[in-house]
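Undergrad: Questions regarding the structure given below will be posed in turn.
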Amino acid sequence: MADLDDLREGNNFGLGIATTGNRFHVKGAEHLPWGMKDRLSRIFNPKTGRTVMLAFDHGFIMGPTSGLERIDLTIVPLIEYADCLMCTRGILRTMIPPSTNKPICLRSDAGTSILTELNDNVLIDIEDAIRLNVSAMAVMLSIGDAAYEAKTIANLYRAVDRGTRYGIPVMGVTAVGKDMVRDARYFGLASRIAAENGANIVKTYYCDGFEKVVAACPVPVVIAGGKKLPEQEALELCYKAISEGASGVDMGRNVFQSEAPAAMIQAVHAVVHENLKPEMALELFNELKNK
Ligand code: R5P
């Protein structure tokens, strides 16, 4: 029987005070169910609406590329500074301590390597994503690639169908084929197609006219860092993207190939969450690097 000793009547009903309604902090997610919102809130900080995702899934295409030879030595020490980790299931299971308690954006498709062109595209079994307790699934979209556009759109569609069934958001990753022009028209098209096909987050690249890419995309846009740049340029890139509406970064090489990766991710974090100007962020980077 329940313990009825000292059972107290409620007397604090806030009569006359309207129930607090809270607008959701992630673009386009207002009408999603609770589980989806919970997962998105693990990725996007509810205070800023932004995220610093640390991408280290490159090995699934590139093998042990520079900075990712030993994930345990180079990436694990950075985890504490990231809002979300983007990686493959192979690395997650073997290298990432489950006790880190960071949300995972799981690379959920595969189909190529640096030795070949895209030659197929397969999608993870949703049950494995559930087993890994991921907060999002990342799926590539190859817009403009005559051979693989339809295949990758079909995979995104399937991922969204399955993710929706279990409350797992999907991030559409816009791949850029060699023949594509990396401009706002192309990234705007690819991002919008990703969102229209159900992606809850879009990952794309910064470009001139980026604010139009963001404006026309009904879900949050995060940018990839791309090839390694000098730290100052990478921080400028982040600042411009955030100022023009990006909801964060999903950055890899410009962090883990930096001369001081821990200092770099903290500087990126300050740009993303505190709008720190690039000059100040570079000062912060240098200060942390020399500690
Ligand atoms: C893209 O599909 C890859 O999976 C990487 O996660 C992405 O390119 C981000 O890494 P980076 O900042 O090095 O470009």
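Read-outs throughout are calculated quantities, based only on the coordinates presented, and are distinct from any laboratory measurement. Keep in mind it's a predicted model, so treat the numbers as computed, not measured. Because the Cβ atoms are built from the backbone with ideal geometry, glycine has one as well, and the counts that use them run over all protein chains shown.
Undergrad: If you scan the range 177-187, which residues turn out to be part of a helix (DSSP H, G or I), out of contact with any Gly (no Cβ under 6 Å at 6 or more places or on another chain) and not basic (Lys, Arg)?
TA: Scanning the range 177-187 gives 186, 187.
Undergrad: Any residue that is among the small types (Gly, Ala, Ser), buried (at least 19 other Cβ atoms within 10 Å of the Cβ) and within 14 Å of the ligand (Cβ to nearest atom) - is there at least one of those in the range 147-162?
TA: no
Undergrad: Just one of 112, 94, 116 is assigned to a loop (DSSP other than H, G, I, E, B), without any contact (Cβ under 8 Å) to a residue 24 or more places away in the chain and surrounded by fewer than 19 Cβ atoms within 10 Å (Cβ to Cβ); which is it?
TA: That would be 116, the only listed residue that is assigned to a loop (DSSP other than H, G, I, E, B), without any contact (Cβ under 8 Å) to a residue 24 or more places away in the chain and surrounded by fewer than 19 Cβ atoms within 10 Å (Cβ to Cβ).
Undergrad: For the range 52-91, give me the residue count where each residue is part of a helix (DSSP H, G or I) and either of a type outside the set (Asp, Glu) or surrounded by 14 or more Cβ atoms within 10 Å (Cβ to Cβ) (or both).
TA: Result for the range 52-91: 15.
Undergrad: Every residue in the range 203-243 that is closer than 17 Å to residue 188 by Cα and basic (Lys, Arg), please.
TA: 203, 212, 240
Undergrad: Additional query: Among the residues of the range 257-270, write down those that are away from the ligand (no atom under 15 Å from the Cβ) and part of a loop (DSSP other than H, G, I, E, B).
TA: Passing the criteria: 259, 260.
Undergrad: In the range 260-274, what residues are surrounded by 24 or more Cβ atoms within 10 Å (Cβ to Cβ) and either of a type in the set (Asp, Glu) or out of contact with any Pro (no Cβ under 8 Å at 6 or more places or on another chain) (or both)?
TA: Correct list: 264, 265, 267, 268, 272.
Undergrad: I'd like to check which helices (runs of 4 or more DSSP H) are fully inside the range 200-256 and have at least 1 residues that are surrounded by fewer than 24 Cβ atoms within 10 Å (Cβ to Cβ) and within 14 Å of the ligand (Cβ to nearest atom).
TA: Fully inside the range 200-256 and qualifying: 231-243, 253-256.
Undergrad: Exactly one of (1) assigned to a strand (DSSP E or B); (2) in contact with a Ser or Thr (Cβ under 6 Å, 6 or more places away or on another chain); (3) not acidic (Asp, Glu) is unmet by residue 190. Its number?
TA: (1)
Undergrad: Right, here's the next one. Scanning the range 17-33 for residues that are surrounded by 10 or more Cβ atoms within 10 Å (Cβ to Cβ) and of a type in the set (A, V, I, L, M), which turns out nearest to residue 246 (Cα to Cα)?
TA: 26
Undergrad: Also, quick follow-up: Return yes or no: is residue 160 β-branched (Val, Ile, Thr), in a loop (DSSP other than H, G, I, E, B) and either within 18 Å of the chain's Cα centre (by Cα) or over 20 Å from residue 61 (Cα atoms) (or both)?
TA: Criteria not met by residue 160.
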